[in-house]
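Worksheet: the structure to be examined is printed underneath.
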Amino acid sequence: MTADKKASSKAERAKGAVKENVGRAVGNERMTAEGRAERAKGDMREAGEKAKDAFKR
């Protein structure tokens, strides 16, 4: 996994987690759902990159 993509996926996961928590705090279900989706997207991107790395070896 390249450092750039790894940082990007971690940033997306962190952004999603923050958005989800803020949404919960203010009672905004839409923001909570968007945060959950962003975090899941970052998780999937990271898993895909790890799978690529595993096949390169």
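The values are calculated or read from the model by the stated rules, or taken from the named source; none is laboratory data. Predicted model only: the values in this text are computed from it and were never measured. Reconstructed Cβ throughout: ideal geometry from the backbone, glycine too, with neighbour counts over all protein chains shown. When the accessible area is computed, the model is the full protein with side chains, heavy atoms only, and any ligands, DNA or RNA have been set aside. Shrake-Rupley method; radii C 1.70, N 1.55, O 1.52, S 1.80 Å.
Computed quantities for the displayed model
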read-out	value
Mean separation of Cα contacts under 8 Å (6+ apart) over length of the chain, as relative contact order %	39
For the chain, convex hull of alpha carbons as volume per residue, Å³	45
Cβ charges +1 (Lys, Arg) and -1 (Asp, Glu), total dipole of the chain, debye	200
Whole-percent carbon and sulfur share, accessible surface of the chain, 1.4 Å	56
Surface accessible to a 1.4 Å probe, per residue, for the residues of the chain, Å²	74
9 Å beta-carbon shell around K19, net charge (K/R +1, D/E -1)	0
Angle in degrees between helix 3-26 and the longest Cα principal axis of the chain, rounded to the nearest 10	20
Cα long-axis angle, helix 29-56 against the chain (0 to 90 degrees, to the nearest 10)	10
